[in-house]
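Quick notes on the structure that follows.
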Amino acid sequence: MTHEDRGNYAGKHSGKATDPGIVEKLETLRDQNQITCAAAHRAAADLNVLPSDIGVQIDLMELRIVRCQLGLFGHAPDDGPVDTNIQVSEDLKARLANMAKEGRISCKDCWDIAGEFKISRKDMGAACEKLELRVKPCQLGAF
């Protein structure tokens, strides 16, 4: 959801209820009305649930997800945007092109490919930006 939707994230989950165990965990990790992507994924791992389940609960709690690990959103101005001047190897270009469908690649695929190529997730986000690949869907359901 976009910043215009702030305060109505729960609207995309009509009929869903909060999970007390997940909410309790997220309460310990939140900072005011936001939670980092890394903290959300840590909660998923700690609770042995899917990141998408955490994302639903984040939305129901009306929390904002910040500091995307791919560097795509929610960063402070001093963090700066991803480096679109990054040099993307031919092997990485080919791998991304192979995984992308209709100009899109999933967040999960980006994480997996970053691991294969031993590059940071933020550099993977930069590579996708440079190659004009749209990262979607987000593992947490932010987009």
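Kindly indicate whether residue 108 is out of contact with any Lys or Arg (no Cβ under 8 Å at 6 or more places or on another chain) and within 23 Å of residue 36 (Cβ to Cβ).
On the way: out of contact with any Lys or Arg (no Cβ under 8 Å at 6 or more places or on another chain): yes; within 23 Å of residue 36 (Cβ to Cβ): yes.
When the stated conditions are applied, residue 108 passes them.
Among the listed residues 89, 106, 52, 120, which satisfies the condition of being touching a strand residue (DSSP E or B) at 6+ places or on another chain (Cβ under 9 Å) and of a type outside the set (A, V, I, L, M)? I'd like the intermediate steps shown before the answer.
Details: 89 fails: touching a strand residue (DSSP E or B) at 6+ places or on another chain (Cβ under 9 Å); 52 fails: touching a strand residue (DSSP E or B) at 6+ places or on another chain (Cβ under 9 Å); 120 fails: touching a strand residue (DSSP E or B) at 6+ places or on another chain (Cβ under 9 Å).
Selected residue: 106, the only one of 89, 106, 52, 120 that is touching a strand residue (DSSP E or B) at 6+ places or on another chain (Cβ under 9 Å) and of a type outside the set (A, V, I, L, M).
Given the residues 94, 43, which is the only one that is at negative phi, of a type in the set (Gly, Ala, Ser) and surrounded by fewer than 13 Cβ atoms within 10 Å (Cβ to Cβ)?
Details: 43 fails: surrounded by fewer than 13 Cβ atoms within 10 Å (Cβ to Cβ).
Answer to the selection: 94.
Give, as residue ranges, the helices (runs of 4 or more DSSP H) completely inside segment 47-133 that count at least 1 residues that are within 17 Å of the chain's Cα centre (by Cα) and either acidic (Asp, Glu) or outside the structural domain of residue 14 (by TED's automatic domain parsing) (or both).
Of the helices (runs of 4 or more DSSP H) lying wholly inside segment 47-133, those with at least 1 residues that are within 17 Å of the chain's Cα centre (by Cα) and either acidic (Asp, Glu) or outside the structural domain of residue 14 (by TED's automatic domain parsing) (or both) span 51-60, 107-117, 121-130.
Provide a single number: the residues in segment 1-37 that are in a helix (DSSP H, G or I), at pLDDT 95 or above and more than 14 Å from residue 141 (Cα to Cα).
Narrowing segment 1-37 to residues in a helix (DSSP H, G or I): 3-5, 9-13, 20-29, 37.
Now restrict to residues that are at pLDDT 95 or above: 20-29, 37.
With more than 14 Å from residue 141 (Cα to Cα) added as a condition, the list becomes 20-29.
Of the residues in segment 1-37, 10 are in a helix (DSSP H, G or I), at pLDDT 95 or above and more than 14 Å from residue 141 (Cα to Cα).
The values are calculated or read from the model by the stated rules, or taken from the named source; none is laboratory data. Computed from a predicted model, the values in this text were never measured in an experiment. Methodologically, a virtual Cβ is constructed for each residue, glycine included, from the backbone with ideal geometry; neighbour enumeration extends over all protein chains shown.
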